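Asker: Got a structure here, written out as structure tokens. Questions coming.
The values are calculated or read from the model by the stated rules, or taken from the named source; none is laboratory data. Keep in mind that this is a model prediction, so the values were computed, not measured. Ideal geometry is used to build each Cβ from the backbone, glycine not excepted, and the neighbour counts take in all protein chains shown.
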Amino acid sequence: MTAVVPKMTKAGNRAQRLLNGAILVVAVLFALVLATTMILTQRNNSELENILEESVKAELLASCFGAREVVLDHLELFNNINSEADVDRYRAEYDATIARLELLRTRIGAEYIYVLKLIDGKYYFIFDTDTEAMAGHDDSDPKTEGLITEYTGIEDVHLEAFAGVPNAGVMNVQDEWGSYNTGAVPLLDPDTREVIGVVSTDITDIYIAQFRQTSTTSSRLLMVVMGAAMVVLLAVLIALNRRNSRMQADLYRLANHDAITGLPNRHYLFTYLAEKREALEKTPSPFAVFFVDLDNFKRVNDSAGHDAGDELLRSISEFLSTTQQGYAACALNPENPGTCLLDALTARIGGDEFLQITPGISSAAEAEAVATSMLTGFKAQNSLKPFIRDYEVGLSIGIALFPEQSADCNELMKLSDIAMYHAKYNGKNNYALYTPEMGDSVEGQSLSIR
């Protein structure tokens with residue numbers, strides 16, 4: 001007997017077509033949502049990775065700058081070390097230098113800090129905190145390394161620093177010992193300004209590598225969840241977007257604010273001024289720049305330790321940022337809102353250097369009154385009195401006015417820096433208002449703002 005296959009009715013055909021159409025629509029919507037989601041996720045991850053790389057670079061360069069200060073304190077030793085025999089000749093100072101670098105390495109959480117020198121066309125480690133490689137040197141065993149060893153695997157980041165690039169990083173270096181992010185800065189001869197060596201720092205590459213791994217895992221999980229159900233997908237997308245927003249906010253804060261004081265950093269300051277540049281050019285609104293430098297800050301670090309130095313930085317930051325709002329003429333003039341294009345801003349731009357932008361100040365007399373008030377208030381702060389008493393900590397303040405002395409913000413900061421050096425040169429714990437007679441430097445002092 002032959003089986004009879006019933007034909008589908010018109011209504012059934014229509015229902016099937018509708019079902020097929022619905023499936024097609026769902027499939028198309030799924031594909032569009034998936035493609036859109038993946039594009040947005042990749043873009044967000046790329047932005048986050050860029051911010052993270054900037055944060056890691058800032059950490060690397062800060063470590064390199066700190067190590068360079070140590071080497072500059074022992075520059076004569078660095079110049080005299082060219083062989084193992086030189087190390088033995090200057091053993092006490094050499095060990096002390098290594099100890100300072102090791103202390104710095106431990107404090108900042110770096111993996112290695114080392115200093116390279118070009119000798120007879122070859123690159124050599126002059127100082128190195130890698131104690132395992134330095135210990136147990138045996139000339140008869142080619143597998144052991146000595147204190148002064150050739151660096152045969154010189155990386156691009158070091159070559160850039162030897163070529164004079166001021167900020168060579170961040171660079172990922174992978175070798176038999178692991179994966180590292182490496183930064184390097186040139187070591188310049190104070191007299192000739194020629195590159196005589198390179199200071200480099202390695203930190204274990206856990207941040208960027210883990211971030212990339214997490215991003216890849218999240219993307220794969222996202223595709224699985226979307227294949228299971230659109231509802232779950234939406235929930236996951238919301239969770240990921242919230243997580244990414246928090247991460248982006250945290251990374252933005254790390255990249256734009258100082259870790260010790262919480263104040264805006266140099267990167268934030270220059271970005272902020274660049275955003276305001278066009279408005280200031282169209283409608284100049286007067287303000288004053290105060291370049292503040294701590295007197296005898298190094299004495300606190302050397303005598304009481306870096307913890308005390310950090311405490312001092314936090315105290316002076318709180319003092320400056322709290323009093324800054326009261327100095328701004330716009331804040332004192334609520335009946336005339338909108339007259340100032342800039343906000344009152346305090347930023348930490350260097351080790352013991354701060355910069356304040358105070359809007360509403362249009363004359364030298366007003367700026368000097370603010371500086372005088374700042375010096376008086378500084379001496380009256382209970383949290384600062386022990387540092388003033390025990391270490392003679394003070395403030396040297398340089399002042400420049402916009403637009404009277406310059407209409408360019410970068411130039412204005414340079415002028416305030418020059419004025420600060422004059423205040424420091426003329427006795428410290430004082431202020432100086434920039435004048436053209438000051439020139440471009442003070443007794444050969446290099447400027448902090450370029």
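Asker: Can you pull out every residue in segment 337-363 that is in contact (Cβ under 8 Å) with a residue 24 or more places away in the chain, part of a loop (DSSP other than H, G, I, E, B), of a type in the set (A, V, I, L, M, F, W, C) and surrounded by 17 or more Cβ atoms within 10 Å (Cβ to Cβ)?
Answerer: Cys340, Leu342, Ile349, Ile361
Asker: Please tell me if Phe297 is within 12 Å of Ile349 (Cβ to Cβ) and buried (at least 20 other Cβ atoms within 10 Å of the Cβ).
Answerer: no
Asker: Can you confirm whether segment 304-317 contains a residue that is modelled with pLDDT of 90 or more, touching a Lys or Arg at 6+ places or on another chain (Cβ under 9 Å) and under 23 Å from His422 (Cα atoms)?
Answerer: yes
Asker: Going by what's in this entry, would Ala288 be described as in contact with a Gly (Cβ under 9 Å, 6 or more places away or on another chain), aliphatic (A, V, I, L, M), touching a residue at least 40 places away in the same chain (Cβ under 8 Å) and under 27 Å from Ser363 (Cβ atoms)?
Answerer: Judged against the criteria, Ala288 is a match.
Asker: Is it the case, given these coordinates, that Tyr94 is within 20 Å of Pro166 (Cα to Cα), aromatic (Phe, Trp, Tyr) and surrounded by 18 or more Cβ atoms within 10 Å (Cβ to Cβ)? Can you show your working first?
Answerer: Numbers: within 20 Å of Pro166 (Cα to Cα): no; aromatic (Phe, Trp, Tyr): yes; surrounded by 18 or more Cβ atoms within 10 Å (Cβ to Cβ): yes.
No; evaluated as a whole, the condition is false for this residue.
Asker: Checking Asp250 against (1) modelled with pLDDT under 85; (2) within 17 Å of the chain's Cα centre (by Cα); (3) assigned to a loop (DSSP other than H, G, I, E, B), only one condition comes out false. Which one?
Answerer: (3)
Asker: Can you find a residue in segment 196-208 that is modelled with pLDDT of 65 or more, closer than 30 Å to Ile39 by Cβ and not in a loop (DSSP other than H, G, I, E, B)?
Answerer: no
Asker: Please enumerate the residues belonging to segment 364-407 that are in contact (Cβ under 8 Å) with a residue 24 or more places away in the chain and touching a Lys or Arg at 6+ places or on another chain (Cβ under 7 Å).
Answerer: Tyr391, Gly394, Ser396 - these are the residues of segment 364-407 that are in contact (Cβ under 8 Å) with a residue 24 or more places away in the chain and touching a Lys or Arg at 6+ places or on another chain (Cβ under 7 Å).
Asker: Restricting to segment 364-401, name every residue that is small (Gly, Ala, Ser), in contact with a Ser or Thr (Cβ under 9 Å, 6 or more places away or on another chain) and assigned to a helix (DSSP H, G or I). Spell out the reasoning first.
Answerer: If we filter segment 364-401 for residues that are small (Gly, Ala, Ser), which is where we start, we get 364-365, 367, 369, 371, 373, 377, 380, 383, 394, 396, 398, 400.
Next, from what is left, pick out any that are in contact with a Ser or Thr (Cβ under 9 Å, 6 or more places away or on another chain): 367, 373, 377, 383, 398, 400.
Across segment 364-401, the qualifying residues are Ala367, Ser373, Gly377.
Asker: Checking Leu52 against (1) out of contact with any Lys or Arg (no Cβ under 6 Å at 6 or more places or on another chain); (2) surrounded by 13 or more Cβ atoms within 10 Å (Cβ to Cβ); (3) within 20 Å of Thr201 (Cβ to Cβ); (4) modelled with pLDDT of 75 or more: exactly one of these is not met. Which one?
Answerer: The one condition Leu52 does not meet is (4).
Asker: Before we move on, is Leu116 of a type in the set (A, V, I, L, M) and either crowded, with 18+ Cβ neighbours inside 10 Å or within 16 Å of Thr149 (Cβ to Cβ) (or both)?
Answerer: yes
Asker: Okay, moving on. When segment 276-320 is examined, which residues are found to be part of a helix (DSSP H, G or I), within 18 Å of Asp343 (Cα to Cα) and under 20 Å from the mean Cα position of the chain (by Cα)?
Answerer: Hit for segment 276-320 is Ser317, nothing else.
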